[in-house]
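To keep things clear, I will list the structure first and then write my remarks on it.
Just so it is clear, none of the values below were taken in a lab; they were calculated from the coordinates. Computed from a prediction, not measured in an experiment: that's the story for all the values here. When we count neighbours, we look across all protein chains shown, and the Cβ atoms used for this are built from the backbone with ideal geometry, even at glycine.
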């Protein structure tokens with residue numbers, strides 16, 4: 001798979017593997033690996049040069065993420081309450097994380113100012129932080145408990161913020177401080193009763209200044225944090241909000257930004273991965 005061949009005049013071209021019902025993508029922190037989570041397997045690609053190096057069969061992937069070292073992958077399997085951590089080199093499962101009371105739907109992992117943290121979102125409506133996932137220990141704290149389900153999570157690359165997206169009729173993104181765990185931003189989506197709403201996926205740009213979000217009503221939105229403000233009469237440290245500065249129609253279920261900020265990858269239920277150059281024109 002040569003990404004240069006997917007690009008033409010700043011328009012994304014599709015990469016389609018027949019028979020795939022969905023694709024989840026994750027970059028390693030150093031940008032040297034790309035993991036694809038498919039209907040019943042994980043595929044690992046090296047990026048320099050681009051080549052597939054491994055397939056792990058029998059893993060129905062809901063979401064997956066590399067740890068800060070790039071040596072491990074955390075995988076949420078479809079319909080399962082636990083998270084499984086695999087060694088990248090061997091494909092061996094080294095830890096099972098339990099705490100959610102319904103299916104785990106989304107994951108992210110980062111080296112933060114308070115140590116390495118894994119964050120998870122689940123169909124039980126909770127967003128949970130794990131500080132010792134390689135040891136298989138219980139979650140450190142429940143960050144959010146949405147009415148309905150929590151569909152998506154993402155750490156900012158500067159490790160100061162963690163974002164989560166609500167689903168099942170609640171179309172809202174909440175951004176919290178990693179250290180204080182206080183709400184910093186709330187980013188609203190449309191709430192029209194006719195639309196199926198919810199935030200499928202989230203991704204920050206490497207400078208931590210923008211968030212890409214994929215929504216169930218078939219939209220991808222881009223949020224600039226510098227545009228977000230609290231009301232004029234609000235007290236200090238009040239929750240801020242804003243509107244997206246870019247949006248387009250696309251039935252994406254996952255979004256990922258490459259660590260160097262050069263590429264945006266989106267994928268949907270048809271099994272198509274679209275690669276766009278960044279910044280967007």
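Data table
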| quantity | calculated |
| --- | --- |
| Cβ-derived FRET efficiency at R0 45 Å, residue 233 paired with residue 135, nearest 0.05 | 0.45 |
| Residues in region 101-124 reached by a label modelled at residue 158 [backbone nitrogen below 18 Å; 7 Å Cα→Cβ] | 110-115 |
| Rounded, prolate or oblate (a/c below 1.5 giving rounded, otherwise prolate when a/b exceeds b/c) for region 52-121 by Cα gyration tensor | oblate |
| For region 123-232: rounded, prolate or oblate by the Cα gyration tensor [a/c cutoff 1.5] | oblate |
| Spacing of the two label points (7 Å from each Cα toward its C-beta) at residue 69 and residue 82, in nm | 2.2 nm |
| Descending principal axes extents, the chain, alpha-carbon based, whole Å | 56, 48, 36 |
| Footprinting exposure proxy for 164, 28, 258 (fewest neighbouring C-beta atoms within 10 Å first) | 258, 28, 164 |
| Inter-label distance, nm, simple model (7 Å from Cα along the C-beta direction), residue 102/residue 209 | 3.8 nm |
| Prolate/oblate/rounded call for region 63-182, Cα gyration tensor, a/c under 1.5 rounded | oblate |
| Residue-span extension gain [residue 186 to residue 269] - 0.36 nm each, minus C-alpha spacing | 27.1 nm |
